[in-house]
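Derivation of every value follows stated rules applied to the coordinates shown; laboratory data play no part. This structure is a prediction, so every number in the text was calculated from the model and none was measured. We place every Cβ from the backbone using ideal geometry, glycine too, and count neighbours over all the protein chains shown.
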Amino acid sequence: MFVGIDVHKNTHTAVGVSPFGEKLFEVTVGNYKNDFEMLIEKVTKNQGVFSPYFGLEDCHGYGERLSAYLYEGGHEICAVPSVMVDRAREKATHPEKSDSLDAFGVAKVMMQNIDSLPAYRISEDSKKAKQIKELSLDREYLIEEKTRLKNHLHNLLHRIWNTEYQEKYKDPFTLKALRYWSKAKQACDPFLLRSMKRKVKRLIDIHYEVLDLEKEMETLLDQNYTVHTASGCGVTIAGMIVGEIGDIARFHSPGALAKYAGCSPREYSSGKTHRHRKTRSGNRRLNCAFHRMALSQISRSGNEKAKTYFKKKISEGKSKSQALVSLRRHMVNIIWCMMKHKTAYRNA
């Protein structure tokens with residue numbers, strides 16, 4: 001029996017489906033242990049001769065408690081990507097959306113793709129990777145806020161001092177410059193001055209918050225991983241990579257990791273024509289991290305062996321963009337081996 005669960009913040013809707021596609025039951029439960037026990041009772045009552053397989057469409061981590069409860073109870077659990085449920089809904093004659101239909105869609109996706117869906121596991125590596133991912137995401141949110149504040153501050157500085165503020169500091173957003181703006185007293189409009197000082201104060205706070213997050217991320221990486229020792233992979237990129245990969249045991253080969261990251265070109269061949277194209281699928285955040293890593297490898301201060309590999313691909317007739325894709329795919333192999341065998345980067 002396939003039990004599809006549509007996960008929400010306060011409630012979860014579960015639908016049980018037999019291997020023949022027959023809907024057996026539907027139940028909505030809360031997010032507490034006694035609710036989970038009620039779900040198991042409902043499943044046990046309706047399973048008959050079928051063994052239950054649970055599938056969760058969990059986009060925001062709201063199903064973490066339920067997943068842990070089911071896993072500790074020895075149940076088979078798999079993660080169902082929401083995009084697969086959405087695609088099935090779009091192909092329906094009358095595409096409608098509700099919690100019940102979403103849960104039923106999760107169950108149907110499990111029926112068709114049970115062999116390819118990733119199994120849910122709880123391990124020490126996955127717990128540590130989740131902590132690193134949360135730190136990495138917090139840093140990204142702060143950087144986005146910092147960018148918005150910089151744009152506002154640019155406008156305010158120009159309104160207060162016109163273009164003269166550019167003569168004081170080449171970069172008006174360094175710590176030295178921000179401290180200078182925070183102590184400024186002369187201005188045409190006191191309102192603009194107060195507004196400018198509020199943004200300056202927040203930028204200074206963000207600077208130190210980002211440093212604290214990076215320091216904490218570096219400590220976790222030093223204790224558990226070696227990814228940040230790779231050439232062109234600092235603490236920020238390493239945090240993105242480890243956070244999105246989680247437990248490396250989920251990927252049986254570098255090719256599996258490359259497909260998950262969207263770094264494996266898809267084949268588009270027909271007849272005597274054999275070609276591959278860059279794919280837009282996969283984990284885009286992980287794809288971005290590998291892309292940045294590959295760019296660092298071929299930069300002026302990058303890795304000579306990576307530069308040689310990049311030039312070799314160009315000499316074979318590939319464009320620079322295609323050569324970069326090849327290099328990015330090569331980086332996936334390296335990271336997989338480093339995380340699988342817990343070895344440091346060797347530039348040999």
(message) So, R0 is 56 Å and r is the distance between the beta-carbons of Lys307 and Glu26; what FRET efficiency does that work out to, to 0.05?
(response) 0.45
(request) Quote the charge dipole size of the chain about the Cα centre in Debye, to the nearest 20; the model charges only the Cβ of Lys and Arg (+1) and of Asp and Glu (-1). (result) 2260 debye
(message) Suppose we look only past 24 Å in the calculated P(r) of segment 227-341. What percent of the Cα-Cα pairs does that tail hold?
(response) 24 percent
(message) Nothing charged except the Cβ atoms of Lys and Arg (+1) and of Asp and Glu (-1): what's the magnitude of the dipole of segment 49-190 about its Cα centre? Round to the nearest 20 debye.
(response) 940 debye
(request) Would you compute the Debye intensity of segment 124-224 from its alpha-carbon atoms alone, equal scatterers and no solvent, and pass along log10 I(q)/I(0) at q = 0.16 Å⁻¹ to two decimals? (result) -0.71
(message) Can you work out the Karplus-derived ³J(HN,Hα) for every residue in segment 223-230? Use 6.51 cos²θ - 1.76 cosθ + 1.60 with θ = phi - 60°, whole Hz, and x for glycine or proline.
(response) 6, 10, 9, 10, 4, 6, 7, 5
(request) Just add up the charged neighbours of Gly239: K/R +1, D/E -1, any other residue whose Cβ is under 14 Å from the Cβ of Gly239. (result) -2
(message) For the pairs Lys9/Lys42; Lys130/Lys320; Lys146/Lys168; Lys146/Lys176; Lys170/Lys320; Lys150/Lys215, flag any whose C-alpha to C-alpha distance is greater than 26 Å.
(response) Lys130/Lys320; Lys170/Lys320
(request) Quickly work out the Ser51-to-Ala88 label distance, labels modelled 7 Å from Cα along the C-beta direction, and quote it in nm with one decimal. (result) 2.1 nm
(message) From the helices alone, meaning DSSP H stretches of at least four residues, give me the mean residue ellipticity at 222 nm for the chain, per-run term -39500 (n - 2.57), in deg cm²/dmol to the nearest 500.
(response) -19000 deg cm²/dmol
(message) Using only the alpha-carbon atoms, how far is helix 284-297 inclined from the longest principal axis of the chain? Give it as 0 to 90 degrees, nearest 10.
(response) 50 degrees
(request) Provide the net charge surrounding Tyr62, with neighbours chosen by a C-beta distance below 11 Å and charges set as Lys +1, Arg +1, Asp -1, Glu -1. (result) -2
(message) I need the fraction of alpha carbon pairs in segment 2-113 separated by more than 16 Å, rounded to a whole percent.
(response) 54 percent
(request) Please name which of His8, Gly282, Val235 has its Cα lying farthest along the dipole of the chain towards the positive end, using unit charges on Cβ (Lys, Arg +1; Asp, Glu -1) and the Cα centre as origin. (result) Val235
(request) Report the calculated FRET efficiency for Glu316 and Ser116 (r = Cβ-Cβ distance, R0 = 45 Å), to the nearest 0.05. (result) 0.85
(request) Using R₀ = 22 Å, calculate the FRET efficiency as 1/(1 + (r/R₀)^6) where r is the Cβ-Cβ separation of Leu175 and Thr219; round to 0.05. (result) 0.40
(request) Whole number please: convex hull volume per residue, Cα atoms of the chain, in Å³. (result) 222 Å³
(message) Could you tell me how many cubic angstrom of Cα convex hull volume segment 1-63 has per residue?
(response) 70 Å³
(message) Along the charge dipole of the chain, pointing to its positive end and built from +1/-1 on Cβ of Lys, Arg, Asp and Glu, which listed residue (Leu178, Ser195, Gly63) has its Cα farthest out?
(response) Leu178
(message) Among DSSP bridges having both ends in segment 1-154, what percentage is antiparallel? Round to the nearest 5.
(response) 60 percent
(request) Net charge near Tyr53: determine it from the other residues with C-beta under 12 Å of the C-beta of Tyr53, scoring Lys and Arg +1 and Asp and Glu -1. (result) -2
(request) Rank His94, Ala344, Ile245 by how far each Cα sits towards the positive end of the charge dipole of the chain (+1 on Lys, Arg Cβ; -1 on Asp, Glu Cβ) and give me just the farthest. (result) Ala344
(request) With +1 on each Lys and Arg Cβ and -1 on each Asp and Glu Cβ, and nothing else charged, work out how big the dipole of segment 124-224 is about its Cα centre, in Debye to the nearest 20. (result) 760 debye
(request) Give the angle, between 0 and 90 degrees and rounded to the nearest 10, that separates the Cα long axis of helix 33-47 from the longest principal axis of the Cα atoms of the chain. (result) 40 degrees
(request) Give the residues of segment 257-286 whose amide nitrogen is closer than 16 Å to a point set 7 Å from the Cα of Lys130 in the direction of its Cβ. (result) none
